[in-house]
1. Distance in nm between label sites at residue 13 and residue 158, each 7 Å beyond Cα in the beta-carbon direction?
2. Report the gain in length on full extension from residue 69 to residue 128: 0.36 nm times residue separation, minus Cα-Cα distance, nm rounded to one decimal.
3. Which of 75, 178, 14 comes first, and how do the rest follow, when ranked by fewest Cβ neighbours within 10 Å?
4. Taking the Cα atoms only, what angle lies between the long axis of helix 181-193 and the longest principal axis of the chain, rounded to 10 degrees?
5. For residue 144 and residue 88, FRET efficiency with R0 = 35 Å and r from the beta-carbon atoms, rounded to 0.05?
6. What nm distance separates the two modelled labels at residue 219 and residue 24, each placed 7 Å from Cα along Cα→Cβ?
7. Counting other C-beta atoms within 10 Å, which of 4, 141 has the fewest, and how do the rest follow?
8. Which of 137, 190, 23 has the fewest other C-beta atoms within 10 Å, and how do the rest follow up to the most?
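Please treat every number below as a calculation from the coordinates, not as lab data. Keep in mind it's a predicted model, so treat the numbers as computed, not measured. Please note: Cβ atoms are built from the backbone with ideal geometry, for glycine as well, and neighbour counts cover all protein chains shown.
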């Protein structure tokens, strides 16, 4: 840093002025940076097929259940391919595919349609991706039960959130004391939200300090028949 400061005081070989003065003149002529972040992307129009898939550069990307044979836009960056509708609303974001003949499927945007048509669940690719306990539970559910489960999962349609919600729903199936939808959804809400934080009561300064402790709710769950619960 010191050497840089010293170098600014030398005379420019051609301008016959100190570099420091020339740098000050350059700074005064600088134009302000844009207040908007530059979005390095490419927009490409596309059209979905009967399955709601849109192709680009030899690869296929899923969209949403209501976008069959519809015009869409692909917002392409080096790492992502985001599907937009014609009003520029974001539908789903995929990892960018390179090569040929590949397919990226994100099921989140299709869950609302599946919830409206629960009979189609067992014939969908989404059903095949589910882990054993959850797949078995949904396979034996009533149509109304499937609808409630799918509607709950549809609230977490973004891929990272959906993966977490599916893991929690699978855990809820194992945790529920009864094999009915209400018990599973209650267990799911418990897992998603966790036990509430108990407020600390103010303690007078003259009283001795006591060690902190956590309430172990697994004891109560075991008494209710949910012996598989180990959350505290």
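1. 5.4
2. So the extension gain works out to 18.8 nm.
3. 14, 178, 75
4. Approximately 30 degrees, to the nearest 10.
5. That pair, residue 88 with residue 144, gives E of 0.45.
6. With each label point 7 Å from Cα toward Cβ, the separation is 7.5 nm.
7. Fewest to most other Cβ atoms nearby, the residues stand as 4, 141.
8. 23, 190, 137
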